[in-house]
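Read-outs throughout are calculated quantities, based only on the coordinates presented, and are distinct from any laboratory measurement. Bear in mind the structure is a predicted one, so any value in this text is a computation, not a measurement. Here the Cβ is made from the backbone with ideal geometry for all residues, glycine too, and neighbour counts use every protein chain on show.
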Amino acid sequence: MTKPSRKAYLISLVTLIVVSTAIGWLIPPFYKWTDSDQSRPSPLLWIVPAVAGVLASAFCFAALPWLPIASPESVNESPSIKRFELRTLLTLGTMIAIAIPLLAKFPIFTSIAICAIAFLNFVWQVTKIPQARMPALTLLACMVLPFAWIIGYEERDRILTTAIVMTACLPTLLPAAFIGSAFGVGFQNSYWIALLLTGAELTVGIWLILLGPKRAIAYLLLVILISTLSSLGFYQLCRA
């Protein structure tokens, strides 16, 4: 990757971290601005993120391909990355075959194990491939920083323990609730789905990061949107 491309990629990653942090701090004032409460959420609570999602999609299709960011040939042709892709497919296939019967009997413990394996694989790949470290750090930031409001929450002591215990569930909390609802699983019983989704988010994330910077940026925008929606949902629960 040329020096201008590397600089543009780094600026893009830092910008996404800043945006994630800003979103995290703005969740409470945004919620107040919509004049929402748990029993009467304002349509703006979801319309604004939906508009942001449309704008992000438009950016990915219209502007992202033209950004002066190019993948280095050495990365695209790296044997370690090709081995990673093959290993990932084999591992996912094996994990799915083993996990299906285990999830039916032990959903929480199985999902915790799968999420932990995905995280360890994430860390292992980042350790082995230096060029993936900054994008990987940005991925974690985009997953977690939309929940920055927890630090300054007026009743932080009341929710802090819950937030810590649910750390791996929070980034995908809302999608898990929707999926659980579609299959008749109550919200309180859908945490294992959130763990699976978080594990998938990490696995897909490191894979796309290794495929190239533009794919990584598009995926990070999606992650920010998912975490923002989950953060809004969690904030609404905390207001109860």
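Can you give the translational diffusion coefficient of segment 164-237 in µm²/s, computed by Stokes-Einstein from the Kirkwood radius over Cα pairs at 20 °C and 1.002 mPa s?
In µm²/s, the coefficient is 168.
In vacuo Debye scattering of segment 149-203, one point per C-alpha: log10 I(q)/I(0) at q = 0.23, 0.27 Å⁻¹?
-0.86, -0.98
Set the Förster radius R0 to 41 Å, insert the Cβ-Cβ distance between residue 156 and residue 66 as r into 1/(1 + (r/R0)^6), and round the FRET efficiency to 0.05.
0.40
What FRET efficiency comes out for the pair residue 6/residue 137, r = Cβ-Cβ distance, R0 = 22 Å, nearest 0.05?
Values: r = 16 Å, r/R0 = 0.71.
Efficiency, from the Cβ-Cβ distance: 0.90.
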